[in-house]
1. For region 374-384, indicate whether the set of residues that are in the same structural domain as G312 (by TED's automatic domain parsing) and in contact with a Phe, Trp or Tyr (Cβ under 9 Å, 6 or more places away or on another chain) is non-empty.
2. Looking at (1) assigned to a strand (DSSP E or B); (2) at pLDDT below 95, can you tell me which one I105 breaks?
3. Test L296 against the stated conditions and say whether it is in a helix (DSSP H, G or I), surrounded by 18 or more Cβ atoms within 10 Å (Cβ to Cβ), modelled with pLDDT of 95 or more and touching a Leu at 6+ places or on another chain (Cβ under 7 Å).
4. Within region 362-392, how many residues are of a type in the set (D, E) and not in a helix (DSSP H, G or I)?
5. Out of P466, P486, P473, I need the residue that is modelled with pLDDT under 95 and loosely packed, with under 14 Cβ neighbours inside 10 Å. Which one?
6. Would you mind finding the one in T319, T301, T297 that is polar (S, T, N, Q) and under 26 Å from the mean Cα position of the chain (by Cα)?
7. Hey, can you tell me all the residues within region 110-123 that are without any contact (Cβ under 8 Å) to a residue 60 or more places away in the chain and not small (G, A, S)?
8. For region 169-202, give me the residue count where each residue is within 17 Å of A31 (Cβ to Cβ), among the small types (G, A, S) and under 23 Å from the mean Cα position of the chain (by Cα).
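The values are calculated or read from the model by the stated rules, or taken from the named source; none is laboratory data. Nothing here was measured: the structure is a model prediction, and the numbers come from that model. Glycine also receives a Cβ, built like all others from the backbone with ideal geometry; neighbour counts cover every protein chain displayed.
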Amino acid sequence: MTITSVNPVDGTVVGTVPETSPDELRAVLAAASAAVGVGDTADRVRWMTAVADALDARAADLIPLADQESGLGHPRLTSELGRTTGQLRFLAGYAASGQPFEPTIDTADPGWTPTPRSDLRSIKVGIGVALVFAASNFPFAFSVAGGDTASAWAAGCPVVVKAHPGHALLSEAVGQAVRDALTAAGAPEGFFALVHGFEAGVAALAADEVAVGAFTGSVAGGTALHAIAAGRERPIPFFAEMGSVNPVVVTERAARERAESIAEGLAGSFLLGAGQFCTKPGLVIVPADSDLPERLTALVTDRPAPVLLHHGIRDRHATGIMGLLGRSGVELAGTGQEPPAGDGAHARITVASTTAATLLADVEGVTEEHFGPSTVFVTYSSAAELRAVLAAVPGSLTGTVHRGADEDIAEVVALLARRAGRVVVDEWPTGVAVTWAQFHGGPHPATTDARFTSVGAGAITRFLRPVAYQNTPADALPIWLRDANPDGIVRRVDGVLTTAAVN
């Protein structure tokens, strides 16, 4: 069987890619398993840097192909490819520091209470073969060589990527660039592989060789895959980033003081990438007497219908919006222009409006995520009603508050922090910087495990497990747990962070 790639702008066929056969998958998994533990951190840093360099060198070929399959445009895709290669280098550098692996040494202490202490040394190691399910909405940064792949490599895990069918040809091109770069850099064959097809992805997740999975996509897809990972004879961790409405609170004072700028910022945020960002502000909670719905509607009325990534996303968005507007108490506040005639995957911009009382009476229906160019206003009439709404909204990746000048928002921030992994003040949640402090996760249904991030330095942690060594001779220890510390990495020795050797 084959996967057909379609240009979402006009519906024309770009090309086809064959699905991975069972025999091919078995060979891929065997090679990946054989690559576990091959090479040290310095090797992986070199391999990851080689991949980043190769992708940068092939930008002129990759970006037009990505545009053909996604319709995202050259400026956006150029920026995204830069983010992709930047995070490869960033995570490689973090691995080289030794910090993600938390090398810890407790020297022997016969006087330790309540019992004497043997020499104990621990470090985090790669958990094994990682299976990464590529996302549709970031064909570079969350796909074949994206953040999940980069963080798994940095942890020391060979990676098998299940390509997204929405950009199958780009996946093949990126995959070939990765394979060429890794081979030239001396990486083992199984350090990376690419497979295509739904059945191949499900079979790989159930295979004994796979030790951990990562996914970015829908709640339905992530939930089903998580169940497979948990239901195996040997269950494995599965980190899924799924649905998120990313609530935004506008205080009464902010609505009075700067309604125009908030409306403009909201328009730019919820329509960024045609509303296909997992951090899109999908639920905007505003005072009942605010004119923000009218202001936003005026800003989008003349905007053309944007093209979505593929026809499936367009159809699901249309069905979801029809269902939302059919619910009691939900009204259409405004729309953009009608989609053009033709076979493109265009979707009309939609703004809906409802009340806090309606949401509280129908939380699941009103707060369902709609992936595409739409957002929902929820009006509140009192502080108590606002608190009730924030307690009811589902877990999200982000929570945002826009405040008035010098306004005390400590309570709102605290409420949002209970529901989201990242709290934003006076800015917009779209755009996720790859940094040391970044956290891109949140309570269910945003993710399957709210303790972990899929963006930033902490993303490596998902693919690590700790191992402790007791009374182990030096020549059998990992290099970073031996007394000498020639690399000068930071270690915790007898409770103290230090770069010194152990005496």
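1. Yes: region 374-384 contains one or more residues that are in the same structural domain as G312 (by TED's automatic domain parsing) and in contact with a Phe, Trp or Tyr (Cβ under 9 Å, 6 or more places away or on another chain).
2. (2)
3. yes
4. Number satisfying all stated conditions: 3.
5. P486
6. Result of the check over T319, T301, T297: T319.
7. Residues satisfying the conditions are P110, W112, T113, P114, T115, P116, R117.
8. Residues that pass the stated criteria total 3.
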